Every structure is written in C-alpha cells, then in structure tokens.
Amino acid sequence: MLKGAITALVTPFRDGNIDEAGLRKLIEFQIKNGIDGLVPCGTTGESATLTYEEHDRVIELTIEIAAGRVPVIAGTGSNSTSETILLTKHAKEAGADAALLITPYYNKPTQQGLYEHYKKVAEEVDIPIVLYNVPGRTSVNMLPETVARLSEIKNIVGVKEATGDLKQVSDIIEMAKKGFTVISGDDFTTLPLLAIGGSGVISVTSNVVPAEMTGMVRDYLEGRTKKALEAHYRLQALHRAMFIETNPIPVKTALYLTGMIEEEFRLPLVRMSEANRARLIATLKNYVGSPLRS
C-alpha cells in the first residue's frame, strides 16, 4: 500500500464548489497512467479550506471512483486531536485503506504531545495510520525518536517525511520498528530517499505526469537504477516549476493548462503571477505532448 508513486490529489473547484466531474477525470487519468495510490484531502488538496462536509465528500468520491483499483490514503489530520479522530473515523467508514495524519499545526506541540496525539487517534480508530511530518508547513518537526516510539503502535505503519533531511530519514529507518515504511513527501528527494531505504513518494508532480513518476520509482525499486537516475534529472525542472509559488497553485494551474480541471482556488490562495505562469508554461511544454490552454 505504501510503495511506489502515490498522488497527493488536488481538489478541483467550479463556481466555489467541489468539481466532482473534474475530480473523476483526474482520478481516471491517474489510474490509467499506472499510479500506485491516491491521497485526497492532503495539503495539495487544500484541505485547510474544505468544510467538514466537503472533506468527507472528497474522500468518499475518491474511494468510489478508485473502486479498489488503487489504495486510497485519506488525509484526515488536523491541529485538534478530537477533530482528527472525527475525520479519521469517517475515512474508515467510507472504506479508505489508510489515513494520512499531519502533525498538529499552529499549536506547536512538544514531542510528547505529538506522541500522545497519534497514540490517541490510533487507539480510537482501527485503520492503518501514516504519520506526516512537514515542518515547513506546521512549524514543528517530529523527531526520529518520536517516530520510532510511534512505530511500536500496531496500526501506525509509516511516515511521509517532508523535511528534505536525509540524515533524519536515515535515523528514522535505523530507529523505527522493522517493517515500518518511510515515504518521501518531497518530489525532489524521492530518488535519494529510495536509495537509503524508503519505499516511494506521495507526489505533487504526479498530478501532471503520473506515468513518469511511477516509472522512475518502479525502475529504482526493480533495479534499473541508471534509468531511474535519468528520470530523476529529467523531472527536476518540472518539480521546480511545481513550487515556484505556494503549493497547490502551480500544480492546479498546470492541470488547467493541460485541460484537466478548471483554474479555481480558495482564498487565501490566488491565481499565480503572470511572470511565474509564463515560466510554468515554458516548462510544461517539455513534458506535455498536447497543446496547452492559454
């Protein structure tokens, strides 16, 4: 389940509402192009601005459309433990294969607070739980020692590591329970993380090029390291373009330009600047065969 290239899905909007047809189109595109899994309602899915009803609906739709063809790892984390439990219970009831739980943001809990938060959710909801560490978003770094403690809890099965710190990743793999999975939360560090024992990536870039991301990870895991390295460097410019402004602004813009979804965001996110849009278009032309929208 936590292996290969897994897409951190955007949430398409149309006229202020969830664009269900757009989400269906995107998911079918992902599965057709060999993606290994889907994550709805993560950071890339603008989960922070979804209502409870919208959050639940996006997860339900993703599970319904995927129809068991690939695993669905539902983003259900919050800065409130009780809210996290509520969202995670719904994901389990809806049929999600696992839940992805971001470290509580804004509160800045201690390491013991992080441990108690995840322990409580794991006790309350019997579903495989994937920890999500992204201090650039949350202002708190879950240390390897804390991850190792949490790995001893039966249904905490892995971590999405988005520090970009390969020493930290190495420490987690060394300290955690055998069989605990570490997956990259940064497209840029996917290949280096695989090289030190990781199992894949939860990717932003794969929204746009799922076949390429999946191919790179599979090539590495199946021993075609030279081919994987070539793909790593071929994708670097696109990875950079996906982060020239705050995620998910560039990736949603790219999906609009390729005809996949409408170009709509929720405030406080806004349309990208014309200068960065021009840079994105110039980059996309090297990866997308079909003509781009204006």
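No lab work stands behind these numbers, since they all come straight from the coordinates. Being a predicted model, the structure only gives us computed values, none of them experimental. FYI the Cβ positions are ideal-geometry reconstructions off the backbone, even for glycines, and counts take in every protein chain you see.
So if I average 1/r over every pair of distinct C-alpha atoms in segment 148-187 and take the inverse, what Kirkwood radius in Å does that give?
Radius from the Kirkwood sum: 10.3 Å.
Give me the dipole magnitude in Debye, nearest 20, for the chain about the Cα centre, with unit charges on the beta carbon: positive for Lys and Arg, negative for Asp and Glu.
Taking the Cα centre of the chain as origin, the dipole is about 780 debye.
So if I take the centroid of the Cα atoms in segment 92-166 and the same for segment 185-242, what is the distance between those two points in Å?
Rounded to whole Å, the Cα centres lie 23 Å apart.
Within the chain, what's the longest stretch lacking trypsin sites (Lys or Arg not before Pro) that sit in DSSP loops with no more than 15 other Cβ atoms inside 10 Å?
The longest uninterrupted stretch comes out as 70-153.
In nanometres, what is the gap between the two model label sites at LEU221 and ALA275, each 7 Å from Cα along Cα-to-Cβ?
Simple spin-label model gives 4.1 nm for this pair.
Taking amide H positions as placed in the peptide plane 1.01 Å from N, state which residues far from ILE18 in sequence (5 or more) or on other chains have amide H under 5 Å from it.
It is none; the list stays empty.
Roughly speaking, what is the stretch gain from ASP171 to LEU229, that is 0.36 nm per residue apart minus the C-alpha to C-alpha distance, in nm to one decimal? Could you put the intermediate results ahead of the total?
Numbers: separation 58, 0.36 × 58 = 20.88 nm, distance 2.39 nm.
Net length gain for the segment: 18.5 nm.
State, as an integer percentage, the relative contact order of the chain based on alpha-carbon contacts under 8 Å between residues 6 or more apart.
18
Can you give the FRET efficiency for ILE153 and ASN17, using 1/(1 + (r/R0)^6), R0 = 45 Å, r = Cβ-Cβ distance, to the nearest 0.05?
For ILE153 and ASN17, the calculated efficiency is 0.75.
Provide the FRET efficiency to the nearest 0.05 for the LEU267-LYS178 pair, computing r from the beta carbons and using R0 = 45 Å.
For LEU267 and LYS178, the calculated efficiency is 0.50.
Which residues does a label at GLU83 reach in segment 237-280, if reach means a backbone N under 13 Å from a point 7 Å past the Cα toward the Cβ?
Hits in segment 237-280 for GLU83 at 13 Å: none.
For segment 35-52, just list the computed ³J(HN,Hα) in residue order, Karplus coefficients 6.51, -1.76 and 1.60, θ = phi - 60°, integers in Hz, with x standing in for Gly and Pro.
In residue order, the calculated couplings are 4, 8, x, 9, 10, x, 6, x, 4, 5, x, 6, 4, 5, 10, 8, 6, 4 Hz.
Can you give the Rg and Dmax of the chain based on its C-alpha atoms, in angstrom?
Radius of gyration, then largest Cα-Cα span, for the chain: 17.9, 52 Å.
Of LYS119/LYS160; LYS89/LYS160; LYS25/LYS160, which sit over 22 Å apart, Cα to Cα?
On the way: LYS119/LYS160 17 Å; LYS89/LYS160 20 Å; LYS25/LYS160 26 Å.
Those over the limit are LYS25/LYS160.
Taking 0.36 nm per residue of separation and subtracting the Cα-Cα distance, what length does fully extending ALA282 through LYS120 add?
Working: separation 162, 0.36 × 162 = 58.32 nm, distance 4.74 nm.
Here the answer is 53.6 nm.
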